[in-house]
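A.B. asks: This is the structure, below, for whatever I ask next.
The values are calculated or read from the model by the stated rules, or taken from the named source; none is laboratory data. Quantities reported herein were computed from a predicted structural model and do not represent experimental measurements. Here the Cβ positions follow ideal geometry from the backbone for every residue, glycine too, while neighbour counts run over all protein chains shown. Surface areas here come from the heavy atoms of the whole protein model, side chains and all, with no ligands, DNA or RNA. Shrake-Rupley method; radii C 1.70, N 1.55, O 1.52, S 1.80 Å.
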Amino acid sequence: MKSLFPQESFPDSYDSLEKIFNNTYNGIAILTLDGDWIKVNDSMCDMLGYPKKELYNMKIENIIFRDDLGVHAVKYERLMQGKIDRYRVMQRYFHKDGSVIWFLISVSLITAVNGKPSQMIWQFADITSRKLNQDKLKLMLRVVREQNERLSSFAGIVTHNLRSHSGNLTTIRGFIEEEFPWLKDNENFNLLSNAIETLEETVSHLTEVAKIKLVDAKELETLNLYDYVEKAIYNVAAIARNTKTTIINDVDDSLYIKGIPAYIDSIILNFLTNAIKYRSDDRQPQIELTSSIENDYIVFKIADNGMGIDLEKYGDKLFQLYKTFHTNRDSIGLGLFITKNHIESMGGRVEVTSEVNVGTEFSIFFKMAKKDSATSASAESKIIIS
């Protein structure tokens, strides 16, 4: 095999040049203008798994991935026309063991004494790992997009169906009221009526709740925190009564926050139901709701005396999608993920402290809104359901 570095031309440098050529990390190959091997370095052989003698006796197209045979064509033509000095392409090759290797190949010309191109030098960099990671990322992004599309479609279907059902319930309630007017004074019928109204309101907010996005400041409304807390307490009254849970509302009724009504409803309700769901069997459940001001935020705290969370074990996964930390059969790890995103979408944040078998306290930071006059009820209310 003819040497790229004739010893008679520079005898003192020959060994050094050969060592540099063979020991460089990337693969280097000298090819004819027709693409036949002339010389390869040791790294090239290591990358492809072939010894030099075997590689020299092979046509290069025999180890190129079929779909990549023509990737050089356009750029090679421009190179030969003198329009570019070098070019780079990505091309797949078969290793001797049958596996596929991705190479980033840099191509340039070697000119003869007369200045005309005589050979090509190709430099090979193995980018297989990088390419596989890129492909995995693209696949994941495609899956996420498809899942988002499915979720959007699902939300639309659910909203439509629930609206139909809630409309039917409202109509039926109207018929019953007309046929049995005395039911208006029946406590259970009034509870049913309130439940239907709450369902209608939930359906109207479903589309907004399903969309997790950064909310423009102009979309945020000025809301009384106490009123929303009272509303959430009312919505969990039945389950609180059944579990003998005490809910203490010490939220200041003069505090106003900036938020989206549907998001605030969902956030408070989710934390309340979680506090009841993860109650301890060793003591009577109690939930205390408080508020304070910290810089430009209203801090709404929900403290319970329930099972608690091992934050050393689960702290970094607490708000991740589909992560659960207790054995409740109905736990799917979705509520906290959505809740955290809703809080952050309105410019807030959430913090948590917890101790196993002692209890948990969530601190939700809402953007503070100023209100000149407050028309809410008393600043302190205590609900005991037994």
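A.B. asks: For segment 64-80, what does the Karplus curve 6.51 cos²θ - 1.76 cosθ + 1.60, with θ = phi - 60°, yield as ³J(HN,Hα) per residue in whole Hz, taken in order and with x for Gly and Pro?
C.D. replies: 8, 4, 3, 5, 9, 4, x, 5, 7, 3, 5, 5, 5, 4, 5, 5, 5
A.B. asks: Provide the gained length on full extension for the span LYS19 to ASN295, in nm with one decimal, where the gain is 0.36 nm per separating residue minus the Cα-Cα distance. Don't skip to the answer; put the middle values down first.
C.D. replies: On the way: separation 276, 0.36 × 276 = 99.36 nm, distance 6.68 nm.
Gain on extension, LYS19 to ASN295, equals 92.7 nm.
A.B. asks: Given H placed on each backbone N at 1.01 Å, which residues far from GLN119 in sequence or on other chains put an amide H within less than 5 Å of it?
C.D. replies: The list, which skips near neighbours in sequence, is ILE110.
A.B. asks: Could I ask something else about it? Specify whether the C-alpha gyration tensor of segment 13-127 places it in the rounded, prolate or oblate class, a ≥ b ≥ c being the square roots of the eigenvalues: rounded for a/c under 1.5, otherwise prolate if a/b is larger than b/c and oblate if not. Write out the running numbers ahead of the final one.
C.D. replies: Numbers: a/c = 1.75, a/b = 1.12, b/c = 1.57.
Judged from the Cα gyration tensor, segment 13-127 comes out oblate (a/c at least 1.5, b/c at or above a/b).
A.B. asks: Using the beta-carbon distance between PHE154 and PHE94 and R0 = 35 Å, what value does 1/(1 + (r/R0)^6) give for FRET efficiency, to the nearest 0.05?
C.D. replies: On the way: r = 44 Å, r/R0 = 1.25.
Using R0 = 35 Å, I get an efficiency of 0.20.
A.B. asks: Say each of LEU192 and LEU162 gets a label point 7 Å from the Cα, pointing the same way as Cα to Cβ; how far apart are those two points in nm?
C.D. replies: 2.2 nm
A.B. asks: Can you give the accessible area of PHE65, probe radius 1.4 Å, in Å² rounded to 10?
C.D. replies: Accessible area, nearest 10 Å²: 50 Å².
A.B. asks: For segment 336-346, in order, what is each residue's ³J(HN,Hα) by Karplus, 6.51 cos²θ - 1.76 cosθ + 1.60 with θ = phi - 60°, in whole Hz (x at glycine and Pro)?
C.D. replies: 5, 4, 5, 4, 4, 5, 5, 4, 5, 5, 9
A.B. asks: Can you figure out the FRET efficiency of ASP185 with LYS244, using R₀ = 45 Å and their beta-carbon distance, to the nearest 0.05? Could the numbers behind the result be given before it?
C.D. replies: Details: r = 28 Å, r/R0 = 0.63.
With R0 = 45 Å, the Cβ-Cβ based efficiency is 0.95.
A.B. asks: Ignoring everything but the protein chains, give the 1.4 Å probe accessible area of TYR234 in square angstrom, nearest 10.
C.D. replies: 110 Å²
A.B. asks: Whose amide H sits under 5 Å from the amide H of GLY348, counting only residues 5 or more places off or on another chain, with H placed in the peptide plane?
C.D. replies: none
A.B. asks: How about LYS313: which aspartates and glutamates have a C-alpha closer than 13 Å to its C-alpha, ignoring those fewer than 8 places off in the same chain?
C.D. replies: GLU355
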